[in-house]
Amino acid sequence: NNFCGGDLSAFYFDVRKDALYCDPADGIRRRAVRTVLDELFRCLTAWLAPVLVFTAEEAWLTRYPQAASVHLNLFPTIPDDWRSPGLGERWERIREVRRVVTGALELERREKRIGSSLQAAPHVYLGSADLGLLQGLDLAELAITSGVVIADGPAPAGAFTLDDVPGVAVLPGLAEGEKCQRCWQVLPEVPASAEHLCHRCTDAVATMRAA
């Protein structure tokens, strides 16, 4: 229950639904999401089948109407190299950083300064260790904002912090540009589009039309 509610629903699905809904159909990121969803479905239906007998069967046969019963499946064998304690520790800290960002945005929403997190482009102040953890990642994507400015050094007065997440401070700010009518991100390139779309959505729509 914690895995489904916390790791999946409140984090992975929340972050990845943008790629699933808005990336081009053949985009590598979207295909990666579909691969993860396929593995999750296969594992969860098998693991839960002995406990949620009828629910697991209904889910399995809804997806695979011609398949045999889920109760004839073996428990999936998870490869040993999927377990990575170092990667788990890295992402635990990344999620703490994200929690400070989302906490700052929630305060902005409560004060009616933003309606959606996609209207925001906050400044995030981090130490050098956290900057290394975020190497190769897009914090704006993880925090579901339209942009992020990452700064190394002390935060200005008034920046948002959480007592249980030291070394992270967030100064909220509004994203520049206009709202894409497809993905809802606020980006500078949108006004230049005749259809009021960002570059990614323009490419995705063109790909669908061509197909």
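Key figures for this structure:
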| item | result |
| --- | --- |
| Computed accessible area, residue 123, all protein chains, 1.4 angstrom probe, square angstrom | 70 |
| The chain: antiparallel DSSP beta bridges as a percent of all, rounded to 5 | 70 |
| Amide H contacts under 5 Å for residue 178, placed H, 5+ residues apart | 187, 190 |
| The range 1-95: trypsin sites (Lys or Arg not before Pro) in DSSP coil with no more than 11 other Cβ atoms inside 10 Å | 83 |
| Percentage relative contact order, the range 112-211, counting C-alpha pairs under 8 Å, at least six apart | 26 |
| Integer Hz, Karplus 6.51/-1.76/1.60 couplings in order for the range 183-195, x for Gly and Pro | 9, 6, 6, 9, 9, x, 6, 4, x, 6, 8, 5, 9 |
| Percentage relative contact order, the chain, counting C-alpha pairs under 8 Å, at least six apart | 19 |
| List 47, 60, ordered by accessible area with a 1.4 Å probe, largest first | 47, 60 |
| The chain: calculated mean residue ellipticity at 222 nm from DSSP helix runs of at least 4, using -39500 (n - 2.57) | -13500 deg cm²/dmol |
| Per-residue SASA entry for residue 75, accessible area with 1.4 Å probe, Å² rounded to 10 | 130 |
| Area of residue 36 that stays accessible when all protein chains are in place (1.4 Å probe, Å², to 10) | 60 |
| Relative contact order (percent, whole number), the range 79-144, Cα cutoff 8 Å, 6+ residue spacing | 41 |
| Portion, in percent, of the accessible area of the chain that falls on carbon or sulfur, probe 1.4 Å | 57 |
| Theoretical FRET efficiency, 1/(1+(r/R0)^6), r = Cβ-Cβ of residue 106 and residue 21, R0 25 Å, to 0.05 | 0.60 |
| 13 Å reach of a label modelled at residue 113, 7 Å along Cα-to-Cβ, counting backbone N of the range 173-210 | 173-175 |
| The chain - Cys residues lacking any other Cys C-beta under 4.7 Å | 4, 43, 201 |
| For the range 142-160 versus the range 38-95, the gap between their alpha-carbon centres in whole angstrom | 36 |
| Spin-label model distance (nm) - residue 48 vs residue 62, 7 Å beyond Cα toward Cβ | 1.0 |
| Residue-normalised accessible area of the chain, expressed per residue, 1.4 Å probe, Å² | 61 |
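The values are calculated or read from the model by the stated rules, or taken from the named source; none is laboratory data. None of the values given here were measured: they were computed from a predicted structure. Cβ sites come from the backbone with ideal geometry, for glycine too, and all protein chains shown count toward neighbours. The protein model used for the area step is the full one, side chains on, heavy atoms only, and it has no ligands, DNA or RNA in it. Shrake-Rupley method; radii C 1.70, N 1.55, O 1.52, S 1.80 Å.
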